[in-house]
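Rule-based calculations on the coordinates, nothing more; no lab input. Predicted model only: the values in this text are computed from it and were never measured. Reconstructed Cβ throughout: ideal geometry from the backbone, glycine too, with neighbour counts over all protein chains shown.
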4 protein chains.
Amino acid sequence: MTTNPKRGFASDNNAGIHPLLLEAIGKANSGHEIAYGDDPYTAAAIKTIKKLFGDKTSEVFFVLTGTGANVLSLSSVARSYNAVICADTAHIHTDECGAPEKFTGCKLISISTPDGKLTPDAIRPHLQGFGFEHHVQIRVISISQPTEMGTVYTAQEIKALSDLAKEYNLYLHMDGARLANAAVHLNMGFREITADAGVDLLSFGGTKNGMLFGESVLFFQPGISDDFKYLRKQSMQLASKMRFISAQFESYLSNKVWYINAQHANKMAQLLLKKVSVLPKVKITQKVEANAVFAIIPHEVIEPLQKKFFFYVWDENRDEVRWMTSFDTTPEDIDGFAEHLALLLS
Amino acid sequence: MTTNPKRGFASDNNAGIHPLLLEAIGKANSGHEIAYGDDPYTAAAIKTIKKLFGDKTSEVFFVLTGTGANVLSLSSVARSYNAVICADTAHIHTDECGAPEKFTGCKLISISTPDGKLTPDAIRPHLQGFGFEHHVQIRVISISQPTEMGTVYTAQEIKALSDLAKEYNLYLHMDGARLANAAVHLNMGFREITADAGVDLLSFGGTKNGMLFGESVLFFQPGISDDFKYLRKQSMQLASKMRFISAQFESYLSNKVWYINAQHANKMAQLLLKKVSVLPKVKITQKVEANAVFAIIPHEVIEPLQKKFFFYVWDENRDEVRWMTSFDTTPEDIDGFAEHLALLLS
Amino acid sequence: MTTNPKRGFASDNNAGIHPLLLEAIGKANSGHEIAYGDDPYTAAAIKTIKKLFGDKTSEVFFVLTGTGANVLSLSSVARSYNAVICADTAHIHTDECGAPEKFTGCKLISISTPDGKLTPDAIRPHLQGFGFEHHVQIRVISISQPTEMGTVYTAQEIKALSDLAKEYNLYLHMDGARLANAAVHLNMGFREITADAGVDLLSFGGTKNGMLFGESVLFFQPGISDDFKYLRKQSMQLASKMRFISAQFESYLSNKVWYINAQHANKMAQLLLKKVSVLPKVKITQKVEANAVFAIIPHEVIEPLQKKFFFYVWDENRDEVRWMTSFDTTPEDIDGFAEHLALLLS
Amino acid sequence: MTTNPKRGFASDNNAGIHPLLLEAIGKANSGHEIAYGDDPYTAAAIKTIKKLFGDKTSEVFFVLTGTGANVLSLSSVARSYNAVICADTAHIHTDECGAPEKFTGCKLISISTPDGKLTPDAIRPHLQGFGFEHHVQIRVISISQPTEMGTVYTAQEIKALSDLAKEYNLYLHMDGARLANAAVHLNMGFREITADAGVDLLSFGGTKNGMLFGESVLFFQPGISDDFKYLRKQSMQLASKMRFISAQFESYLSNKVWYINAQHANKMAQLLLKKVSVLPKVKITQKVEANAVFAIIPHEVIEPLQKKFFFYVWDENRDEVRWMTSFDTTPEDIDGFAEHLALLLS
């Protein structure tokens, strides 16, 4: 088999498995374990997560995909006539092929933002129609940390959204598919930017930061996850051999793989930023706070550049592209990329 | 971590990963690959599958879970007002927490059978209401091969169901979560008992026969899978790092892991049958053709036996239990189990 | 326009509007009223219903169709992973084109019965899988009063089902599309056979007994209907000019139209029974307790008979037909029908 | 019963039934007719509609509510992973409590407009993601005629949207809950502004223009309505005694009730506009082309004015209100209203 020799900046999930996590899978591959999560690996991983995320962590569940984590989080607290407020760049709004609508029945109310970040001021005008049966009933504010634009909410910004949510009896959901990258950027623990900042429901991902597969849903409020286990099974998100997700999460957290990987990816994004921002005709469009660099580049260089280093066009209407670094991005990758781009631009 | 020292007969997914398949994951863990399936591992695995299942194999898709494979198969050909005929023991009917109904909107019309096998005669009386808008419109006949009762359809039996399906313009779906065990029992290739026998849609599983995770959906008719890729994403069944499913499938088929594992599991089921059928008060209730043994045993021994070797009670109303063997079941496991059961019965 | 000169026994909804109810519509047709139910006609009708059904009647909602009433009842108390137990002849199972599955996501667990009536003994073996995430979680027992087979539950029989429901923490739903016919047969008030017999949720119909259109959902337990108004709107069952449903219900109950009509229809069914049961080759298959007569008749007379008097074949497999009487059936209709049948049979 | 003595401008469905339409119901109330639409009234009404809307009218179906008509139109051509483009003021987006999402599974992509009217230029930037499985697949452009802002598309404007739809292989749906008001404003026939202008699917309403209840769905393209009858039943939109909807439609069209009523309502809106636009502090915010007047008025007069004449606040954030006229609005109603408003403003 000839595998792809290209390396690229398409997404952090184009990278493979971190060796320590693959090792954890191998170590868990011994003997029989009850399928579907009633096993000691899962118990141990949940214990570790609860310790890291603090006392408010009422329940932890492992699922298969990031979309699954988001949809199931929302399903837990929203019925079909509810609505979810999100940024119009949110993964749930733009990258899940309508899974939230299909599975929850809810409407997503999307709000335009300059940087992927919702604010109380941007949300308030949408908080209408409560009690009016013709209107969907807003039930959740969902934010991504970091955002899909590579920006990061501060703990204070999250707290302000949580306060607004509480004022209107809403839940605050965080899509933390790349939560590690945000924590590293802020130099804070998971707990401070989730439970302690007022998040009620968290999609906490691992796949984009070095796992083979594995995502989780954390609840920071008792009583709202009572039917999660049925929803998870019914939504096809219950892993059969769950121990292999759990063992990865255990190693991811206990061995600080999350930190090592996210720190590296963030650092590579800064390096990439440094190298490309000096190039002519490259206009950086977003602050680089996690592991993504957004830029507008001349239309005619996009395709030639993609041929050598794959990446996605973010906004076709203005030739804005997204370059993502990952735990295995090397300085050489970046040098090669920046040089090639420079060549194409010259 | 103290892992579970118990070995048991609960399910073949309580076993771990076959070493060759874990090795395949490791080998694929190099460099960047486009996520979500546009990678050479996936292309290679699809090619191998198409070769094995024959020319009629129009499309192959990898998914995450067996429930996902079934629900997505049905979604491809059924709209919400359609219905699916299945045995009342079918996995889609009893073990998927209503996922088929929730995701497809369809009604499952379940038929009681003595051995898990549908027959044209059992189905015919249900083929009513076509064209009548108050009735759901039957669209699919779904069978499990082997059945959930451990019995195996012959190619002729499948053909007869396919003929009936064609007569009524229905699709024939096969849940092949354990297809390898059926093929081994029949001593036939996959092709002969699927595409050649008239199956239109197949859930072809790997997890229960040694994979970490990985299932697939095969179509044996062009034109009915056009929107599968959207349905897969929307139903949260699109694996991000798909190469690691694909690499397993490639090894599973090319290295005959499917055959080795299924042959072993089937053999162990025969050994188990031999050992327990001679015990007093053990009444074998189904033919043992794949890797499951069903038996009625005295109510009072069930719990003590489960304490040492975990397994599930199949029918609480008559103390019928299910014992499943897997690729890693050993003759010693069976000896220990049979001896313990004998002791409890004495 | 040449309207249909034929009269028939197809269904009680082939009849038109009772004059008093049409008059009520006309009387309500004056001035402006807030649409969607915030009007004095609706308030008055709800008050009347609450009085008739007793103190336990926590909430009353008007909807558009019988299927709507059933689906919304179930939606109020069941989430997508729940299941509903019903007779396999239940309207929700056989005549709603899968609406309950589509809208609630739930599985219907259908039980075969000789006469359309569920019993605790028939239900008990199905009460399995509680707390097991692979199984749907049974949440509702749904019965039809009268049944689709024209039989009527006694208050004691309903109470026994309610006791079973309470034992398992289930809700008891009654499809009372023809509740008036049952009440007349039993010579009891609505209250005694619903709230007082332990029913939690009731679909209370009017269309089949003389209304133009109009059905209602009654709750006999506070706290379970809190989101009904949103579910009703979202399920397209909120009538715009609701006053015209409400005004009919008010007249239906205050003027005893329900009683007059149901008594007449039941009486006509008895007359029909008397006339046809003496004919050769007519085998009555169900007790006639409400306004339906079920019979097996020779295959070759079905079509010729339908040509003159329309009716439905109930079970094609055994030539069982259903004849329904309605509030406007006349003794002459029955004489003509019986004579024609006699002729065809001779 | 003390009925509401207030008259108001809340909505055209606060009015009652036009006498000719109530008379049509009475005339149809004779003898037995097959329920659910297989009756001569329905056949006649469909024939009349087809004549008026022209040869392209491939199929006509009657349904119960406007939300039902919209949701079922969309269901016919969209699967769950599709998306529907609409104005952010569209009824399907703001007033149906999420019914489109719940029933179709689709995402609504809402576009901000100054006047409720979509244009090709406003839509084009959203036409992205075709063939990309992470994105919903856009399938329908849905417009309201007249818009929810009381403005009316010209035939040319509709044609331009139809051309765009064809270019991208999309369907053009029109929500014509008040189509009569648009036709009167444009002084054109129904056909010219629907089928001939390139509309593929039409929700054609009657309730807001004088019917008791009754909406319809028209298809202007063969082959896309094949499963409508099942979807209608499954979505609880199949009227039992359908003849009474059909008879209204027949009279509505044959007796020009549609024209008389809409002409009157539109004229009353012009009168209202004339009377209020001269008042100080009343700022008219939209062109008055159908039967709605939008205005910003001082916050403090809203509640007192509502007490005497009910109406809805359209945009709480800027005190914009909506006043609707109906077929039974009188010049005296308007005089009284304008005088009272003048008094409050003074």
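Distance from the axis that maps chain D onto chain B is least for the Cβ of the chain D residue given, with the whole Å value, as D:R79, 4.
Counting neighbouring beta carbons within 10 Å and listing from fewest to most, the residues C:T42, B:T119 come out as B:T119, C:T42. Candidate cross-link partners of B:K47 among the aspartates and glutamates, defined by an alpha-carbon separation under 14 Å and a same-chain spacing of 8 or more, comprise B:D38, B:D39, B:D55, B:E59, B:E250. Take every DSSP beta bridge whose two residues both sit in segment A:99-243; close to 35 percent of them are antiparallel. Translational diffusion of segment B:173-302 was estimated from the Stokes-Einstein equation, with Rh taken as the Kirkwood radius over Cα pairs; at 10 °C and 1.306 mPa s the coefficient is 94 µm²/s.
On the beta carbon distance between C:T330 and B:E300, with R0 = 41 Å, the FRET formula returns roughly 0.05. Beta bridges assigned by DSSP with both partners in the protein assembly as shown are antiparallel in approximately 50 percent of cases. With contacts taken as Cα pairs under 8 Å at a separation of at least 6 residues, chain A carries a relative contact order of 25 percent.
By the count of other C-beta atoms within 10 Å, a proxy for reagent exposure, B:F190, B:F9 are ordered fewest to most as B:F190, B:F9. I need the fraction of alpha carbon pairs in the protein assembly as shown separated by more than 63 Å, rounded to a whole percent. Tail fraction, whole percent: 14. Taken about its Cα centre, the protein assembly as shown carries a charge dipole of about 0 debye when Lys and Arg each add +1 at the Cβ and Asp and Glu each add -1 at the Cβ. Across identical copies of the chain, C:D115 has label-point separations of 3.8, 6.9, 7.4 nm, listed in ascending order, with the point defined 7 angstrom from Cα along Cα→Cβ. Centre-to-centre, using Cα atoms only, segment C:142-180 and segment C:53-68 are separated by 16 Å. Charges were assigned to the Cβ only: +1 to each Lys and Arg, -1 to each Asp and Glu. The resulting dipole of chain C about its Cα centre is roughly 380 debye. If a spin label sat at a point 7 angstrom from the Cα of D:R124 along the line to its beta carbon, the backbone N atoms of segment A:283-327 nearer than 15 Å would be those of A:316-319. Name the shape class, rounded, prolate or oblate, that the alpha-carbon gyration tensor gives for chain C, where a ≥ b ≥ c are the square roots of its eigenvalues, rounded holds for a/c under 1.5, and otherwise prolate holds if a/b is larger than b/c and oblate otherwise. Oblate, because a/c is 1.5 or more while a/b does not exceed b/c. With the label put 7 angstrom out from Cα along the Cα-to-Cβ vector, C:F132 ends up 3.4, 4.5, 4.8 nm from the copy partners, going from closest to farthest. Within chain D, which whole H helices from DSSP have a Cα span along their axis of at least 15 Å and a mean Kyte-Doolittle hydropathy of -1.0 or more, if any? Span-like helices here: D:40-53, D:66-77, D:155-167, D:243-254, D:257-277, D:331-345. For the options B:S216, B:S30, B:S251, a Gaussian network treatment of chain B with springs between C-alpha atoms closer than 10 Å singles out B:S30 as fluctuating the most. Classify segment A:1-87 as rounded, prolate or oblate, taking a ≥ b ≥ c as the square roots of the eigenvalues of its Cα gyration tensor: rounded when a/c is under 1.5, otherwise prolate if a/b is larger than b/c and oblate if not. Oblate is the answer for segment A:1-87, as a/c is 1.5 or above yet b/c matches or exceeds a/b.
Inter-label distance, B:K6 to A:Y168: 4.9 nm, where each label sits 7 Å from its Cα along the C-beta direction. Return the FRET efficiency for the residue pair A:E23, B:S254: r is the Cβ-Cβ distance, R0 is 25 Å, and the value is rounded to the nearest 0.05. That pair, A:E23 with B:S254, gives E of 0.50. Amide H contacts of A:T151 (H built 1.01 Å from N, in plane; Pro and chain starts excluded): no residue 5 or more places away or on another chain comes under 5 Å. The per residue volume of the convex hull around the alpha-carbon atoms of segment B:203-249 is 88 Å³. Looking at chain A alone, DSSP beta bridges between its own residues are antiparallel in about 50 percent of cases. Across the identical copies, the label point of D:E303 (7 Å from Cα in the Cβ direction) is separated from its matches by 6.3, 6.5, 7.2 nm, in order from shortest.
Give me the Kirkwood hydrodynamic radius of segment A:260-345 in Å, from all C-alpha pairs, to one decimal place?
12.8
For the pair segment A:209-225 and segment A:321-346, the centres of their Cα atoms are 33 angstrom apart. Less than 5 angstrom separates the built amide H of B:A87 from those of B:I111, all sequence-distant by 5 or more or on a different chain.
Report summary: the helix-based calculation at 222 nm, which adds -39500 (n - 2.57) for every DSSP H run with n ≥ 4 and divides by the residues of chain C, gives -11500 deg cm²/dmol. Using R0 = 51 Å, the C-beta based FRET efficiency linking C:K51 and D:E192 works out to 0.40.
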